[in-house]
Every structure is written in C-alpha cells, then in structure tokens.
Amino acid sequence: MDFYEQAVQHELLRWRKKMYQKPNLFNQVSKKAQAKINSWIPAKAQRFITDSIKNMVKAILAGSQLTTKQSMIREKSLYKQDELVKEKLVTYRKTATIEGAGTGAGGILLGLADFPLLLSIKVKFLFEAAAIYGFDTKEYEERLFILHVFQLAFSNDETRRQTMNTIENWEQEKQTLVEMDWHVFQQAYRDYIDLVKLLQMVPGFGAVVGAYANYNLLDQLGETAMNAYRLRLLKIPGDETESIKKENNN
C-alpha cells in the first residue's frame with residue numbers, strides 16, 4: 001500500500017466515525033417533526049409516492065446505464081481514480097447549481113420540475129463514479145449498490161447507520177438483497193430535502209436557495225460516493241469498525 005492509500009485509510013476512519021455517530025438534539029427534534037408530518041399522509045398517498053419515485057429512479061438508472069462510458073474502468077491507481085471522480089463532481093455540481101437556480105427562480109411550477117432533474121444528475125454522477133472505480137454498472141448488484149450509496153448520502157441518522165452497515169458488509173449483504181426497500185428509500189430522501197426544496201419554491205428567493213442547496217447536495221453525494229467505493233477497494237480490519245460503533249454507542 002502506497003502513501004496515498006494510507007492517507008485515504010485515515011480519511012475513511014474519520015468518515016466512518018461520522019456515519020455512525022449518534023443523532024444530536026436538533027436531528028432528534030427534526031425527525032419527530034418529520035414523522036408527525038408523514039403520519040398525516042394517507043397510506044394510499046404514501047404508496048403512490050413510493051411507486052412514483054421507484055419508477056422514476058428505475059427509468060433514470062436505465063438511462064444512466066446507456067450513457068455511462070465503461071472505458072473509464074481501465075484506470076487502476078486509486079489516486080488517479082479519486083482525481084477523475086473529483087473532476088466529474090465539479091462538472092455535475094455546476095450543472096446542479098445552474099439547474100437549481102433556474103428552477104428556483106420560476107417559483108412553484110419550475111420548483112416541482114427540480115425534483116426529477118436533480119435526481120437524474122445525482123444518479124448519473126454515481127454511475128460515472130462507479131465506472132471510474134472499476135465497477136461494472138451493467139451488473140444488477142452494482143446498480144443496487146449505487147442506490148445504497150444514494151440512500152447513505154440522503155437519509156436520517158437511523159437509516160444512515162443501517163445503510164452504512166450494509167455498505168461495509170456489501171459482499172455478504174448483496175447475497176440476500178433482492179431489491180431496494182423503496183418505501184424507506186423515498187421517505188428518507190424526501191425527509192432529507194423537503195425543507196430546502198419548499199424554500200426553493202418561493203419566487204425571487206428560490207433561485208438563491210436552489211443554487212446553494214443543489215451545490216451542497218452534490219458535494220454531500222460526492223464525498224459519500226468516493227468513500228463508499230474506497231471502502232470496497234481498501235479493506236479496513238473489522239475490529240476497527242466495531243470499535244467505531246462501540247465508541248458512538250457510548
């Protein structure tokens with residue numbers, strides 16, 4: 001292992017500790033408020049939302065698969081892979097920022113269009129990242145992994161910890177996973193971005209909020225994707241993982 005990979009190992013330990021940390025008071029209050037709001041939504045409406053997001057994401061996955069260049073898989077150096085992903089992130093972040101500002105400036109109607117557009121940008125970035133790190137997105141299990149990376153980036157504390165455990169033990173977990181839990185997927189994502197996206201629909205103010213929010217959401221996704229794929233390439237001893245969990249549970 002070279003010096004760069006050793007440095008990445010240390011970064012991964014810090015990041016994993018953050019992923020397993022306990023929710024703070026603000027997050028606990030926010031979760032209760034969001035749970036209350038979700039309880040007001042009828043079960044039929046919840047199923048409709050779940051199915052809509054499921055179909056939307058599956059369509060985006062199919063489109064991203066067709067447009068992703070698998071030739072990038074040839075790069076083997078972790079340093080060069082990381083640099084390529086960072087370059088891709090800059091491009092997608094700019095696209096998301098412009099898209100957020102544009103839809104935010106249009107008020108409610110264009111604000112509604114932001115959801116599928118931003119979702120498409122995020123998923124396409126994840127396909128590019130997977131290919132750069134050498135994983136074949138033609139395989140179903142790799143597309144399933146992409147969805148877990150997405151969920152890890154945009155979910156509440158409890159779902160994040162559960163998803164992190166799945167990602168860390170992916171070689172075992174993928175044997176039993178048939179499909180995503182779409183209800184958890186859509187609810188975690190909506191809970192994560194609802195407040196910001198509501199503010200984005202305010203005419204005049206929405207453009208600034210949309211641009212800033214989308215910039216930060218892509219940053220969050222970029223950090224999560226890089227570290228999730230690094231975990232699969234650079235194995236950290238299991239006892240170190242357990243020590244992180246125990247530390248955060250105390």
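The values are calculated or read from the model by the stated rules, or taken from the named source; none is laboratory data. If you're wondering where the values come from, they're calculated on a predicted model, not measured in any experiment. Cβ atoms come from the backbone with ideal geometry, glycine included; neighbour counts cover every protein chain shown. These accessible areas exclude ligands, DNA and RNA; they are computed on the full protein's heavy atoms, side chains included. Shrake-Rupley method; radii C 1.70, N 1.55, O 1.52, S 1.80 Å.
Some notes on this structure:
- Some residue of region 146-168 being in contact with a His (Cβ under 7 Å, 6 or more places away or on another chain) and touching a residue at least 40 places away in the same chain (Cβ under 8 Å): yes
- Tyr79, sole failed condition from (1) in contact with an Asp or Glu (Cβ under 9 Å, 6 or more places away or on another chain); (2) modelled with pLDDT under 75; (3) open to solvent by 50 Å² or more (accessible area, probe 1.4 Å): (2)
- Flag if Arg161 is closer than 25 Å to Thr50 by Cβ and at pLDDT 90 or above: yes
- Residue match in region 191-200 (condition: at pLDDT 95 or above and either open to solvent by less than 20 Å² (accessible area, probe 1.4 Å) or assigned to a helix (DSSP H, G or I) (or both)): no
- In region 218-234, the condition of being open to solvent by 60 Å² or more (accessible area, probe 1.4 Å), modelled with pLDDT of 95 or more and part of a helix (DSSP H, G or I) is met by at least one residue.
- Counting residues in region 32-42 that are at pLDDT 65 or above and over 22 Å from the mean Cα position of the chain (by Cα) gives one or more.
- Any hit, region 83-98, residues being open to solvent by 20 Å² or more (accessible area, probe 1.4 Å), modelled with pLDDT under 90 and under 24 Å from Val184 (Cβ atoms): no
- Listed conditions (1) out of contact with any helix residue (DSSP H, G or I) (no Cβ under 8 Å at 6 or more places or on another chain); (2) open to solvent by less than 60 Å² (accessible area, probe 1.4 Å); (3) modelled with pLDDT of 85 or more are all met by His10, apart from (2).
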